[in-house]
1. Under a point-charge model restricted to the Cβ atoms of Lys and Arg (+1) and Asp and Glu (-1), what is the dipole moment magnitude of region 10-115 relative to its Cα centre, in debye to the nearest 20?
2. Could you put 252, 38, 166 in order, starting from the residue whose Cβ has the fewest other Cβ atoms within 10 Å?
3. Can you list the HN-Hα couplings for region 209-225, worked out from phi with the Karplus curve (6.51, -1.76, 1.60; θ = phi - 60°), rounded to whole Hz and with x for Gly and Pro?
4. In whole Hz, with x marking every Gly and Pro, tabulate ³J(HN,Hα) for region 182-189 from phi via Karplus 6.51 cos²θ - 1.76 cosθ + 1.60, θ = phi - 60°.
5. If you rank 262, 195, 99, 188 by fewest surrounding Cβ atoms within 10 Å, what's the result?
6. Sorted from fewest to most neighbouring beta carbons within 10 Å, what does the list 55, 202, 76 look like?
7. For Cα extents along the principal axes in Å, several values are listed as (1) 61, 38, 35; (2) 58, 54, 44; (3) 63, 58, 32; flag the one computed from this structure.
8. With springs only between Cα atoms under 10 Å, which of 293, 233, 138 fluctuates most in a Gaussian network model of the chain?
Amino acid sequence: MFSSDINTDHRWDGPSGPILVELTRTSSVRDVRSALLTLAYRVQADPTIHEAVCVVVDSRLSATRLQEELDRFRSVLRPEIADRIHWLTDPGAAGHRPEAFRAWLAERIATERARGRAPQSPPRQIVIAALAQLRLRSEPPVTVKRLQEISGASYPTVAAVLKDFTDKGWLENGSERGVRLRPLTAREWMELAREHARLRTVQWFTDPTGLASPDQLAKRLAHLQESGELPRSIRIGGVLGAAQHFPALDITAAPRLDLSTEKDAAHLAAMIDAGLRPKTRPEQRVVLAVHTSRQPGPHPPERWAGELECLADLIEMGFTREAAEMAEQMAGSGR
C-alpha cells in the first residue's frame, strides 16, 4: 500500500461533496480489505462524504476478483454506507466522476509512484514483535488466529516462529488458552533485539550544515504529526524512545533521532528537514536513522517505539552496556 497506516489521506472537494481516496498498490486481498475498512470507518464518521474510492493500481488482482471483494464487503454494511464505497483501477475510467477529479487522482498516483514504495518489515519480525509486546504488557495468551490478526502475517509465518520458539523453550508450557512467550532472561531479550536489528532495513541521513540536532528533528516531527502532514504511526526509538521505557538509561544525549516506520525514508527525511542528505561516506555523522518496522496489532498510534525496537537501536549504535541494563529491566517487567 502507498500508506501502510489505517488512514485515508487523499481527499478531493468537489461540487457534489468530498470524495475520499485510499491509494493501494498491492496484489494482496488482505490489503484491499484493509483499505475498504478504512474507507467505511471514515464514511460512517462523516455523513458529508459524497463517496469513498479504493484505488487499486499495479495489481495482479483481476477486476472480477476486486468486484467480488467489494460485493462481499458491502453485504455486511448498512446500505447508506455501502452505496458510497467503490473501487477503481484507472483514473481514466472514473465514469460519472468529474474530469477535474480524474486529473487530480492521476496526479496523486503519479506522485506516490515517484516516491517509490517503502520497504516493509519482514513478516517474521512483526510476529516476534507482537509476541514481545504481549509479554511485556502482561497480556494473556492468544490463539494462533489472533496472533495472525495482530501481526498481519500468514499462518505459515506464524507457525514457523512458534516452532522456532518452541524448540528454544521460549514459549509457556501447558497453556490451553493460546500461546505466549515465557518470561525471558536479559540475555534472551538481547538475542531477540540483535536479530531484530540485523534483519530490518535502515537508512541513515546526515546534516551537511551541522546545525540539526536530534531534539530539533523530534520537535519538527511532532509538529508535522499534529498538523496531519505526517501520520502519528511514525514512532521515535533510539535513545529518546529507550529513555521513555527505561528512565535509568545512562546516556546523557541522543546522538541521533531514530524513527520506526514503513513510510518512504527519503520522503520522510525531506519532510522533517529539507537539508538532510543520505549518508554516503563512513565519516559522515548520522543525525537521522529511519528503520523499516511496524508496530503490530490494532491499537492507537503511540509516539514511542516499543521496547524491543528501542533495544535494537541501542545495540545498533554500540551502546551495548546500556542495552544490557535495559534488557535486565525488560526481563523483570515481563514476568
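Derivation of every value follows stated rules applied to the coordinates shown; laboratory data play no part. Model, not experiment: these values are computed from the prediction. Note: ideal-geometry Cβ built from the backbone for every residue, glycine included; neighbour counts use all protein chains shown.
1. Numbers: 16 positive and 15 negative charges, 58 e Å.
Roughly 280 debye for region 10-115.
2. Result, fewest neighbours first: 252, 166, 38.
3. 7, x, 9, 6, 10, x, 5, 5, 5, 5, 5, 5, 4, 4, 5, 5, 6
4. 6, x, 8, 7, 4, 4, 5, 5
5. Arranged by neighbour count, lowest to highest, 262, 195, 99, 188 become 99, 195, 188, 262.
6. Ascending Cβ contact count within 10 Å gives the list 76, 202, 55.
7. (3)
8. Residue with maximal mean-square fluctuation among 293, 233, 138: 138.
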